[in-house]
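All remarks here apply to the structure that follows.
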Amino acid sequence: MLIARGLVRLRERAGLTQGQLADAAGCGKATVGRYEEWQDRARVKWATVRALADACGATPDERDALVQLARSQGAGWWVGNAAVPEWMDPILSFEEAGEYEHVYASSLVPGLLQTRTYALAIHRAQLVRAPAAEIEQQVELRMQRQRVLEREAPPLHLWAILDEAVLRREVGGASVMAEQIDHLLAASERPNVTIQVLPFASGAHAVGAGQPFMIIGRDDERRPLSAMSVTYLEMHNRGLYLDDASDVAQYKTIFDYLRAQAADPARTAELLRTTRREYRP
């Protein structure tokens, strides 16, 4: 997405059509189109990215930023992992590159905050006919994904708004829920994790009956081509990624209203402790 967005921005700034850029860069128009469509699963070549950027008159910093992105495509731990479904590959890439993730969860604890036993109960329910080995692979994948909260460069900042239904849906039984809520309380003490609960008593809210969503982003005023912002909507066995500026802005506004309406972190901790007592084994 970042490569595609950057190339489109450079081409439009240069006032070139895709055909003109193809002629200037010495490649086919189809190649230009493919590189500007980030949904294409094909791995882009850094040399082609460099040629396209140069043909658009990019500055050395702009060109190098895009080339570095192209070079780092295959560096993720998930690349080549058979347990990672194709539709999930982008979200892992976005989390690896992002600085923050804002999540609204309507019925289940977000993946980055799940305990192993909670994740196991979810996957057993969702993959009802899958062998135990496949389920364990998916759980392990979820645990590996959580490492972005512990990385050094710097860790991803997670801001999660949990509808009260998340705490009331008894996933895996009382003991699993008790452990999960303890984990949420511990996670909320971390400097890069903010958790808010949206109580039932809050009434109607900006999402209405809509689905959960997440916004992953990175701001870089010095290098705009390195900035990113994308909204992810999860569906059964696939995901929808929205990177149009107006779509992302709309979800950012929704998230702002949700966190204004949700209990603040201190009150959220009280709600979590109260609910935890209800799940006492």
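The values are calculated or read from the model by the stated rules, or taken from the named source; none is laboratory data. Nothing here was measured: the structure is a model prediction, and the numbers come from that model. Here the Cβ is made from the backbone with ideal geometry for all residues, glycine too, and neighbour counts use every protein chain on show. Side chains are part of the model used for accessible areas, which takes the heavy atoms of the whole protein and leaves out ligands, DNA and RNA. Shrake-Rupley method; radii C 1.70, N 1.55, O 1.52, S 1.80 Å.
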- Message: Using all alpha carbons of the stretch 2-103, what is the percent of pairwise distances in each 10 Å bin, ordered from the shortest bin to the longest?
- Response: 14, 45, 28, 12, 0
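Please calculate how many Å² of accessible area the chain carries per residue, with a 1.4 Å probe and no DNA, RNA or ligand atoms counted.
Numbers: 14130 Å² over 281 residues.
Per residue, the chain has 50 Å² of solvent-accessible surface.
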- Query: Remind me, relative contact order of the chain in percent, using alpha carbon pairs under 8 angstrom and six or more residues apart?
  - Reply: 19 percent
- Message: I need two numbers for the stretch 53-202: Rg to one decimal and Dmax as a whole number, Cα atoms only, in Å.
- Response: 18.3, 61
- Task: Express the Stokes-Einstein translational diffusion coefficient of the stretch 104-165 in µm² s⁻¹, to the nearest whole number, given a Kirkwood radius over alpha-carbon pairs, 4 °C and a viscosity of 1.567 mPa s.
- Result: 101 µm²/s
- Query: How many angstrom lie between the C-alpha centres of the stretch 2-22 and the stretch 99-134?
  - Reply: 39 Å
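In whole percent, how big is the carbon plus sulfur part of the accessible area of the chain, probe 1.4 Å, protein atoms only?
Numbers: 7060 of 14130 Å².
Of the solvent-accessible surface of the chain, carbon and sulfur hold 50 percent.
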- Query: How large is the helix-only mean residue ellipticity at 222 nm for the chain, computed as the sum of -39500 (n - 2.57) over DSSP H runs with n ≥ 4, divided by its residue count, in deg cm²/dmol to the nearest 500?
  - Reply: -14500 deg cm²/dmol
- Relative contact order (percent, whole number), the stretch 45-157, Cα cutoff 8 Å, 6+ residue spacing: 25 percent
- Per residue and in Å³, how big is the convex hull formed by the alpha-carbon atoms of the stretch 151-231? 146 Å³
- Measuring from centroid to centroid over Cα atoms, what is the spacing of the stretch 199-252 and the stretch 136-151 in Å? 21 Å
- Task: Could you give log10 I(q)/I(0) at q = 0.09, 0.17 Å⁻¹ for the chain, computed by the Debye formula over C-alpha point scatterers of equal weight, without solvent?
- Result: -0.49, -1.37
- Query: Counting DSSP beta bridges in the stretch 118-254, what percent are antiparallel, to the nearest 5?
  - Reply: 60 percent
- Message: Nothing charged except the Cβ atoms of Lys and Arg (+1) and of Asp and Glu (-1): what's the magnitude of the dipole of the chain about its Cα centre? Round to the nearest 20 debye.
- Response: 320 debye
- Could you pull out every residue, at least 5 positions away or on a different chain, whose amide H is within less than 5 Å of the one on His157? Hs are placed 1.01 Å off N in the peptide plane, and Pro or chain starts have none. Tyr100, Glu101
- Which of the trypsin sites (Lys or Arg not before Pro) found in the stretch 102-192 are loop residues per DSSP with 15 or fewer other Cβ atoms within 10 Å of their Cβ? Arg129, Arg151, Arg169
- Item | Test item: Cα-centred dipole of the stretch 49-124, Lys/Arg +1 and Asp/Glu -1 on Cβ, debye | 360 debye
